[in-house]
Amino acid sequence: MSIAEATNTQNSSTKVISVDAVIIGAGFSGMYQLLCLRDKLKLNVKVIEVADEVGGTWYWNRYPGARCDSESHSYQYYFSDELVKEWEWSQRYPDHAEIRRYLSYVADKFKLRTNISFKTKVTAAKYNDAENRWHVMTDKGEEYVAKYFITAVGCLSSANIPKIPGLETFSGNWYHTGQWPHEGVDFKGKRVGIIGTGSTGIQAIPVIAEQAAHLTVFQRTANYSIPARNAPLTADFKKFAKEKLEQIREVMHTNTNGHAFRIVDRSVVKTPEQERLEILEKAWQKGGLEFRAAFSDVLIDKSANDIVAQFICEKIREIVKDPAKAAILADIDHPFATKRPPVDTNYFETYNRDNVSIVNLRKTPIEKITAQGIKTTEQEYPLDIIVFATGFDALTGPLLNINISGKNNMPLKEAWAAGPVNYLGVQVPGFPNMFTITGPGSPSVLCNMPVAIEQHVEWITNCIAEMQTKGLNKIEATPKAADDWVLEVNAAANATLLPQAKHSWYLGANVPGKPQVFMPYAGGMAHFKEICNNVAKNSYAGFVRS
Ligand SMILES: Cc1cc2nc3c(=O)[nH]c(=O)nc-3n(C[C@H](O)[C@H](O)[C@H](O)COP(=O)(O)OP(=O)(O)OC[C@H]3O[C@@H](n4cnc5c(N)ncnc54)[C@H](O)[C@@H]3O)c2cc1C
């Protein structure tokens with residue numbers, strides 16, 4: 001369908017374009033939202049994307065080792081059986097290039113690119129009360145005027161580069177993993193320093209170590225990691241994934257985390273020690289995120305968590321031969337899985353290489369970056385390349401980077417000064433007809449994300465469909481519903497051990513000055529979906545529609 005763009009010129013430099021809906025972002029979320037609004041609801045839709053291709057996360061994250069931790073058969077759209085049957089993954093965990101190929105295939109199949117403006121950044125979006133329209137401004141001098149404004153900007157798309165004094169004086173090259181150069185980086189013969197040992201650092205470290213002359217890992221927070229056990233998919237598994245797609249979808253859509261495995265209803269503490277060890281060992285050998293699913297009380301009972309944490313720390317000490325390195329790596333300050341739980345390929349084994357060393361930043365913090373390298377309170381480390389695997393200004397960052405203002409010119413930055421406030425993670429009071437896909441307050445990053453994305457997109461689509469058929473112009477979350485939802489999000493987090501990880505990006509603790517509020521909804525994907533469905537069934541209770 002072509003976009004009927006009513007174009008006129010407001011002044012010599014601004015092109016004003018009227019559409020029904022503007023979507024920001026062409027990753028998993030924006031692409032599916034486009035398809036639903038354009039093909040199901042027959043709306044005129046414009047997607048605006050700063051990159052020059054679809055892919056979102058996987059367009060930007062091309063660092064060595066970048067791959068998915070969700071298993072390939074679950075990390076895809078399930079809205080189309082045809083699509084599931086057509087696409088074939090090659091490995092248990094697809095790498096960034098394979099996911100890009102998949103999303104490009106989806107874009108081709110559903111002819112999505114015709115509605116996407118690439119290489120265009122949304123700089124501001126303002127709600128006009130009198131018109132009940134959103135005015136969305138781009139860096140190309142365009143102004144889109146739309147009834148519906150949907151952000152599909154991602155939870156992890158705003159790179160967090162720590163403000164370490166002296167970075168500008170560094171004479172070598174530095175990179176953030178989330179903005180990786182497309183041509184790659186040649187580490188051969190280089191002295192490389194990497195800051196960060198979260199999921200990304202844990203993926204990148206083994207691969208960089210194979211290429212660099214020397215790799216120095218600067219670790220602030222030691223982390224658990226489970227072996228991924230990545231491997232090519234067998235013909236039998238590929239057949240199973242296609243033939244059993246309905247059962248797989250059923251599992252993903254009815255469990256708490258959106259993955260294609262069930263959490264075993266069994267308690268760590270109530271299982272006899274020997275049996276428990278055998279279960280954990282089997283789960284360790286199988287590898288992947290499913291390790292967490294071997295028991296059901298790991299995230300709610302600290303003594304259960306301690307047992308599993310101890311099992312992993314023993315593994316670290318077993319794998320890492322140098323006791324000094326092992327001690328730094330196993331000195332973990334948070335319960336298992338209360339930070340995003342990494343899975344790895346040879347992460348701990350990499351510390352057995354002669355060309356890999358580790359610096360404990362807890363003991364000797366970084367003082368500054370110099371022309372030659374990184375200087376801690378103990379010594380200076382000469383480096384040719386610094387890699388920042390320091391993550392993202394998660395969940396709120398990508399939204400607050402855009403100058404968004406709602407009713408009465410209220411900036412989103414002000415509405416969220418004390419932390420994000422919204423209803424169901426989907427709408428902010430005072431910002432009518434604006435929808436946020438997998439925003440803070442939704443399960444988002446605590447879930448296998450394509451499941452969370454499909455749920456949010458379909459809920460938004462149904463909501464808009466009903467507005468269109470009923471001739472409604474406006475939907476807005478009430479302040480009370482949003483305040484109650486924030487309490488519900490807090491209560492859900494507090495029922496788990498998740499808030500005990502003090503340095504977690506789930507809490508915003510990785511960005512100085514960011515309000516520390518537990519942002520994702522931890523009550524489980526299936527429960528969240530039920531709540532959203534009930535809200536819709538009850539005439540969108542908690543929203544005012546007119
Ligand atoms: C390294 C890494 C590994 C991950 N692994 C997993 C995993 O194993 N399992 C899982 O479920 N999830 C994983 N995720 C989360 C991942 O982000 C989601 O799975 C999913 O890709 C999110 O899709 P999205 O479309 O919502 O957002 P994104 O993919 O982030 O897309 C957002 C898009 O919006 C664009 N955009 C943002 N702001 C603007 C603007 N102002 N103007 C124009 N365009 C803009 C961005 O360029 C981007 O293309 C991972 C994330 C990272 C970073």
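Tabulated data
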read-out: The stretch 441-455 residues that are polar (S, T, N, Q), paired with ones that are near the ligand (Cβ under 10 Å from one of its atoms) and not in a helix (DSSP H, G or I) (beta carbon under 7 Å, 6 or more apart); value: S444/C155; S444/T438; N448/S70; N448/S74; N448/Y75; N448/N257; N448/G258; N448/H259
read-out: Checklist (1) under 30 Å from E530 (Cα atoms); (2) more than 23 Å from the chain's Cα centre (by Cα); (3) of a type outside the set (G, A, S); (4) surrounded by 15 or more Cβ atoms within 10 Å (Cβ to Cβ) applied to I263, failing item; value: (2)
read-out: Selection from the stretch 485-498 of residues that are in contact (Cβ under 8 Å) with a residue 40 or more places away in the chain and part of a helix (DSSP H, G or I); value: W485, V486, V489, L498
read-out: Residue, nearest to P450 (Cα to Cα), within the stretch 111-120, restricted to residues that are within 13 Å of the ligand (Cβ to nearest atom) and buried (at least 16 other Cβ atoms within 10 Å of the Cβ); value: L112
read-out: Selection within the stretch 36-56 - more than 20 Å from W459 (Cα to Cα) and buried (at least 21 other Cβ atoms within 10 Å of the Cβ); value: I48, E49, V54, G55, G56
read-out: Checklist (1) modelled with pLDDT of 95 or more; (2) more than 25 Å from Q247 (Cα to Cα) applied to W89, failing item; value: (2)
read-out: Among residues of the stretch 155-187, those that are within 22 Å of the chain's Cα centre (by Cα) and at pLDDT 95 or above, counted; value: 8
read-out: Extreme residue, nearest to the ligand (Cβ to nearest atom), among residues of the stretch 121-135 that are among the hydrophobic types (A, V, I, L, M, F, W, C) and under 29 Å from the mean Cα position of the chain (by Cα); value: V122
read-out: Pairs with Cβ under 8 Å, 6+ apart, first in the stretch 361-382 and touching a residue at least 60 places away in the same chain (Cβ under 8 Å) and small (G, A, S), second open to solvent by less than 80 Å² (accessible area, probe 1.4 Å) and assigned to a loop (DSSP other than H, G, I, E, B); value: A371/F170; G373/F170; G373/G172; G373/L383
read-out: Count of residues meeting criterion [touching a helix residue (DSSP H, G or I) at 6+ places or on another chain (Cβ under 6 Å) and among the hydroxyl-bearing types (S, T, Y)] in the stretch 469-500; value: 0
read-out: Segments classed as helices (runs of 4 or more DSSP H), wholly inside the stretch 17-110, with at least 3 members that are more than 13 Å from the ligand (Cβ to nearest atom); value: 81-86, 96-109
read-out: Matching residues, the stretch 479-506, being open to solvent by less than 20 Å² (accessible area, probe 1.4 Å) and within 30 Å of R362 (Cβ to Cβ); value: A493, L497, L498, A501, S504, Y506
read-out: Candidate set from the stretch 151-169 (those that are among the hydrophobic types (A, V, I, L, M, F, W, C) and within 11 Å of the ligand (Cβ to nearest atom)); member that is surrounded by the fewest Cβ atoms within 10 Å (Cβ to Cβ); value: A159
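Here's the yes/no breakdown for (1) more than 27 Å from the chain's Cα centre (by Cα); (2) buried (at least 20 other Cβ atoms within 10 Å of the Cβ):
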residue: T376; (1), (2): yes, no
residue: A389; (1), (2): no, yes
residue: P398; (1), (2): no, yes
residue: P411; (1), (2): no, no
residue: P429; (1), (2): no, yes
residue: T436; (1), (2): no, yes
residue: G441; (1), (2): no, yes
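The values are calculated or read from the model by the stated rules, or taken from the named source; none is laboratory data. Computed from a predicted structure; not experimentally measured. Cβ atoms come from the backbone with ideal geometry, glycine included; neighbour counts cover every protein chain shown. Only protein heavy atoms, including side chains, enter the accessible area calculation; ligands, DNA and RNA are left aside. Shrake-Rupley method; radii C 1.70, N 1.55, O 1.52, S 1.80 Å.
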